[in-house]
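Any read-out appearing in this document is the output of simple, stated calculations on the displayed coordinates, not a laboratory observation. All of these numbers come straight from a predicted model, not from anything done at the bench. Here the Cβ positions follow ideal geometry from the backbone for every residue, glycine too, while neighbour counts run over all protein chains shown.
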Amino acid sequence: MKKLFVMLGAFFLMCGIGFSQEIKFNETVYDFGEVIINGDASCEFYFENTGSDPLMLTNIQPSVGSILVEGPMEPILPGQTGKIKVIYKDTQKPGAFTETVTVFSNALENKEVKLTIMGIVSEGNE
């Protein structure tokens, strides 16, 4: 019986250690400040796999259709970094904006990370 408990304990310990993917972003908010009408509104969010197993981004979901995203589809190995490029395409009309991009991954913690972009589209000094 004692042997069974030791084997079960070792099994659960190995399971906990065997799957360790962690994602850590340098920043989760990007403020464009002022963007001139029809101007460029793109930024990059950098992250690192701080775990001991490969990290996979399973989905990158913008909150609105006027956001395009580009991210890695290949596994990010432990200690490696990656980036997600976010392009805000709705710069034709003046006004403030705040939008999000949700990053889904196989990380044990932070399986869903919200990235926020914000700024003000203005007519500038023409």
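Quick look at the values:
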| read-out | value |
| --- | --- |
| Ratio of Rg to Rh over the range 22-126 (Cα coordinates, Kirkwood Rh, two decimals) | 1.05 |
| Globularity index of the range 30-72, i.e. its alpha-carbon radius of gyration over 2.2 N^0.38 Å | 1.54 |
| FRET efficiency for Glu70 and Glu123, using Cβ-Cβ distance with R0 set to 35 Å, rounded to 0.05 | 0.75 |
| Spin-label pair Asn59/Lys111, simplified geometry with 7 Å Cα→Cβ offset, distance in nm | 1.2 |
